[in-house]
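Trainee: Just dropping this structure here.
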Amino acid sequence: MTDRSGLVVAAHGRRGVLEVDGQRHPFIPKGRGLRVVCGDRVRFEARTGSEALLVTAIETRSNALARIHGRTRHEEIIAANLTQLIAVCAPRPAPDPFLLDRYACAAEILGCRFALVWNKYDLDGQAARSAADLASLGYPLLTVSALTGHGLVELSDRLAGETSVLAGQSGVGKSSLVNRLFTGSEAAVGELSAATATGTHTTTAVVMYAGGQGIRLLDTPGVRQFVPSVRSGQRLDRGFREMREPAARCRFSNCRHLQEPDCAVRAAVASGSISARRYASYCQLLATLDNGEPQAARR
Ligand code: GDP
Ligand code: ZN
């Protein structure tokens, strides 16, 4: 039988669920070396006498979201082919601006869109102002409430046609938002996918929900507080969009914008056109990369 292609909509370890022509099937990868993640487009074969499809190859990924594994410290790819990273925050638990900068930086380096979703609008209608500096850089800022439904139409519009991943500290309301965005049957498909992917009922599978308007939303229960990893050796200033234009004017093309002479980025910080807070995040992130330290998730 000729091989065909499908989309991985749930993955956990060596099991998962493949979507083919709108139908979902369990799969297993062929061979030990094949590490399939949610969002992968793959080639597969059907096997006689087995319900599970056999995944034979992964098509080239447009990007891959990785996180640092807490215990073993190795980098783990958790999803592929994302087009949007959504950072969720709320008045409570208090937002961590450095964490938000890291999400924005990861999205830029992945080459995907970034948006901030400010949840629990019902608790505090003004709190979203504290994300004003990110909004002023052109990142969309949506105020929503999973409790009252405020802003959910705008959020759906933002998600339409995108493959998004939700990130954010625990307690900001990510699961509440998923439950509001997806109808019972769609959510049930997600849960079923997770269960099939793991063989047991566990929360570590990465699952892709599919909704109307071409919405695809990746959810990573259990690792929702992940901080996307930025590889050392990558130009970190690419992750800070307001630095790109001045960085081109630094005297040294490989300027890191720390102590180098004639640094246009530091000049922009001094003149106030780049936020000192954002620049401090850049320096802090650069220091963690230089030390070879894993970027441990912050709460
Ligand atoms: P997660 O850890 O990010 O998935 O957060 P949850 O969805 O579990 O929500 C954490 C807590 O915040 C729960 O007690 C929710 O009921 C509450 N919560 C979520 N969204 C809202 C909201 O829009 N308004 C209010 N007041 N509480 C919310
Ligand atoms: Zn510079």
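The values are calculated or read from the model by the stated rules, or taken from the named source; none is laboratory data. These numbers come from a predicted model, not from an experiment. FYI the Cβ positions are ideal-geometry reconstructions off the backbone, even for glycines, and counts take in every protein chain you see.
Trainee: For residues in segment 2-33 being at pLDDT below 85 and closer than 21 Å to residue 82 by Cβ, which is surrounded by the most Cβ atoms within 10 Å (Cβ to Cβ)?
Mentor: Among those that are at pLDDT below 85 and closer than 21 Å to residue 82 by Cβ, it is 12.
Trainee: Kindly provide the set of residues from segment 91-101 that are under 24 Å from residue 157 (Cβ atoms) and surrounded by fewer than 20 Cβ atoms within 10 Å (Cβ to Cβ), ordered by number.
Mentor: Step one: of segment 91-101, the residues under 24 Å from residue 157 (Cβ atoms) are 91, 95, 100.
Answer for segment 91-101, where residues must be under 24 Å from residue 157 (Cβ atoms) and surrounded by fewer than 20 Cβ atoms within 10 Å (Cβ to Cβ): just 91.
Trainee: Anything in segment 10-35 that is more than 22 Å from residue 215 (Cα to Cα) and not in a strand (DSSP E or B)? List them, or say none.
Mentor: 13, 14, 30, 31, 32, 33, 34, 35, listed by residue number.
Trainee: Restricting to segment 123-179, give me the number of residues that are among the aliphatic types (A, V, I, L, M), touching a residue at least 40 places away in the same chain (Cβ under 8 Å), assigned to a loop (DSSP other than H, G, I, E, B) and within 8 Å of ligand 1 (Cβ to nearest atom).
Mentor: 1
Trainee: If the requirement is being in contact with a strand residue (DSSP E or B) (Cβ under 8 Å, 6 or more places away or on another chain) and at pLDDT below 90, which of these qualifies: 80, 66, 52?
Mentor: After ruling out the rest, the residue left standing is 66.
Trainee: So residue 55 ticks every box in (1) more than 23 Å from residue 287 (Cβ to Cβ); (2) in a strand (DSSP E or B); (3) touching a residue at least 60 places away in the same chain (Cβ under 8 Å) but one. Which box is left unticked?
Mentor: Here residue 55 clears every test but (3).
Trainee: Still on this structure, I have one more. Just to be sure before I move on: is residue 111 more than 16 Å from ligand 1 (Cβ to nearest atom) and closer than 30 Å to residue 6 by Cβ in the structure I sent? Give the derivation first.
Mentor: On the way: more than 16 Å from ligand 1 (Cβ to nearest atom): yes; closer than 30 Å to residue 6 by Cβ: yes.
Spelling it out, residue 111 is indeed more than 16 Å from ligand 1 (Cβ to nearest atom) and closer than 30 Å to residue 6 by Cβ.
Trainee: Let me ask another. Go through (1) at pLDDT below 95; (2) loosely packed, with under 15 Cβ neighbours inside 10 Å one by one and return the number of the condition residue 134 breaks.
Mentor: Among (1) at pLDDT below 95; (2) loosely packed, with under 15 Cβ neighbours inside 10 Å, residue 134 violates only (2).
Trainee: Could you please let me know if residue 82 is surrounded by 20 or more Cβ atoms within 10 Å (Cβ to Cβ) and more than 16 Å from ligand 2 (Cβ to nearest atom)?
Mentor: Against the criterion (surrounded by 20 or more Cβ atoms within 10 Å (Cβ to Cβ) and more than 16 Å from ligand 2 (Cβ to nearest atom)), residue 82 qualifies.
Trainee: Which numbered condition in (1) among the hydrophobic types (A, V, I, L, M, F, W, C); (2) over 21 Å from residue 39 (Cα atoms); (3) touching a residue at least 60 places away in the same chain (Cβ under 8 Å); (4) in a helix (DSSP H, G or I) is the only one that residue 117 fails?
Mentor: Here residue 117 clears every test but (4).
Trainee: Could you identify the single residue in 236, 258 that is surrounded by 20 or more Cβ atoms within 10 Å (Cβ to Cβ) and touching a Leu at 6+ places or on another chain (Cβ under 8 Å)? First the steps, then the outcome.
Mentor: Working: 258 fails: surrounded by 20 or more Cβ atoms within 10 Å (Cβ to Cβ).
When all the criteria are applied, what remains is 236.
Trainee: Hand me the list of helices (runs of 4 or more DSSP H) wholly inside segment 236-299 holding 3 or more residues that are more than 19 Å from residue 67 (Cα to Cα), within 16 Å of ligand 1 (Cβ to nearest atom) and at pLDDT below 95.
Mentor: none
Trainee: Okay, next question. Suppose the filter is touching a helix residue (DSSP H, G or I) at 6+ places or on another chain (Cβ under 8 Å) and surrounded by 13 or more Cβ atoms within 10 Å (Cβ to Cβ); does residue 88 pass it?
Mentor: So residue 88 fits the description; yes.
Trainee: Also, I was wondering about something else. Only residues in segment 255-274 that are farther than 20 Å from residue 285 by Cα count as the first member; pair them with residues that are more than 16 Å from ligand 1 (Cβ to nearest atom) and not β-branched (Val, Ile, Thr), Cβ under 7 angstrom, at least 6 apart or cross-chain, and list the lot.
Mentor: Hits for this filter: 261/251; 262/250; 262/251.
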